[in-house]
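See below for the structure under consideration.
Bear in mind these aren't lab numbers, they're just calculated from the coordinates by the rules spelled out. Since the structure is predicted, the reported quantities are computational estimates derived from the model, not experimental observations.
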Amino acid sequence: MIDIKLGEYVEQAIDWLSVNAAGFFNGITVGIDGIVDSLEYILMLPHPFLMMVIIAIIAYLIMGKGKGYFSKAGLKAGGGMALFVIIGLFVLYGMGFWEETMQTFALVIASALLAIVIGIPVGIYASRSDSLDSVIRPILDFMQTMPPFVYLIPAILFFSVGNVPGVVATVVFSLPPAVRLTNLGIRGVQKDVVEASRSFGCTDRQLLYKVQIPLAMPTILAGVNQVIMLALSMVVIASMVGAGGLGQSVYKGILKADMALGFEAGLGIVVVAIILDRLSQAAGKSRK
């Protein structure tokens, strides 16, 4: 009988890295902690009512863009979303979840930003190299199909507990859509447009930044939307390694079989998800 102990080899590799690359992982810990703490500070600095108004104004501007801010369509789309933001956040404030809501926003924004900063450049390079595309495709398949709970194990070993392992696991889980849709969007630019650009003397850099990326932007922003949604779906799972926010309240509700706590925190996650989803979708449509 063949006994293949692949898991043990992976465990040994992770143990070796956690010892010999401790300085590298400490640097990542400090950097991610700084990003999350800064976002939390910014979000919780204004009075909650003022922050509600600020988010509502941002929602109105994004939803109304391209339709005319004071047109009937713009007022309907932007005004409706702004009203939902104020009502939803006010309900969360009234239930005592304001701090957890802002922590969730900070965690999701930090994770999504890191995934986008890594994923979009990789997608651009993959779109320009078939060999690189063939290499990263199975890696992305692995990242998307591996159960997200598995990512928490090495994250704890490398980064201890807290927000950092939660963010790292979330970045790994939510990264593939940014790479895939950036690659797909740039490859989907019509060949006659590319040929016409080259015939007018575009360099490779000009072709990429002035033709391909602008035309692929709706697809790229669809990938950004998927990254945000996947990051939000990891909120509860990340709470198992000490990440804060609404996910931690949901996790406490599960452990204590507290239906009221679980429902209220879960409702908060729904409100945050709707806000981020609608705004990221509207940004993609306005670019289109």
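Tabulated data
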item: Orientation-averaged projected area, Cα convex hull of segment 156-288 (nm²); result: 9.8 nm²
item: Per-q log10 I(q)/I(0), the chain, q = 0.07, 0.09 Å⁻¹ (Debye; single scatterer per alpha-carbon; no solvent); result: -0.32, -0.52
item: Principal axis dimensions, segment 76-167 - Cα atoms, whole angstrom, descending; result: 52, 40, 20
item: CD proxy at 222 nm, helix term only [per DSSP H run n ≥ 4: -39500 (n - 2.57); per residue of the chain; nearest 500]; result: -28000 deg cm²/dmol
item: GNM top mover of Leu114, Leu230, Leu140 - the chain, alpha-carbon springs below 10 Å; result: Leu140
item: Value in Å of the Kirkwood radius, where segment 79-231 supplies the Cα pairs that are averaged; result: 17.6 Å
item: Rg(Cα) / (2.2 N^0.38 Å) computed for segment 165-216, rounded to two decimals; result: 1.54
item: Per-selection metrics, segment 201-262 (Cα): Rg and Dmax in Å; result: 20.4, 66
